[in-house]
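First the structure, in the form of structure tokens, and then the observations on it.
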Amino acid sequence: MVVEQDFYATTFLSNMATVVEEDAQAEADERLRQSSHPYKYTEYRINRNILAGTIKTRLIKAVLEPDPDKRETAFQRVIHQVQRALIPVRRGRTAPRHKGKKANKYSQNRRRCL
């Protein structure tokens, strides 16, 4: 019973993360297109690590909010926070990745979001 409940909770949060990511990505793409500021890269995407941390802390509270106006405001805050964490998409990288001692430069408790 507990495993089944955990499975459904994980599936629900994963689906919510996808919905938030798609909404935030669409708004970020539109904002980048309309911006007069030249960006270094032509394409950016949402940082999924920040997205996961935001969902853990804020989205669950937003979903459980009984007032629809407050729920919508909280949801927009989540999308805005996720949009602030854009990372560039670097196409055609040819530098080899050297795994070794530096592969775990930041331990789990020093990562940006977790």
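The values are calculated or read from the model by the stated rules, or taken from the named source; none is laboratory data. What you see is a predicted model, and the numbers here were worked out from it, not measured in a lab. Cβ sites come from the backbone with ideal geometry, for glycine too, and all protein chains shown count toward neighbours.
Scanning the stretch 27-52 for residues that are surrounded by 10 or more Cβ atoms within 10 Å (Cβ to Cβ) and either of a type in the set (Phe, Trp, Tyr) or over 20 Å from the mean Cα position of the chain (by Cα) (or both) yields 39, 41, 44.
Going by the conditions given, is residue 55 within 11 Å of residue 21 (Cβ to Cβ), surrounded by 14 or more Cβ atoms within 10 Å (Cβ to Cβ) and in contact with an Asp or Glu (Cβ under 6 Å, 6 or more places away or on another chain)? No; evaluated as a whole, the condition is false for this residue.
Taken as a whole, the condition of being of a type in the set (Val, Ile, Thr), under 19 Å from the mean Cα position of the chain (by Cα) and modelled with pLDDT of 90 or more does not apply to residue 55.
What is the residue count in the stretch 71-85 for residues that are surrounded by fewer than 17 Cβ atoms within 10 Å (Cβ to Cβ) and part of a loop (DSSP other than H, G, I, E, B)? Going through the stretch 71-85 one residue at a time, the tally reaches 1.
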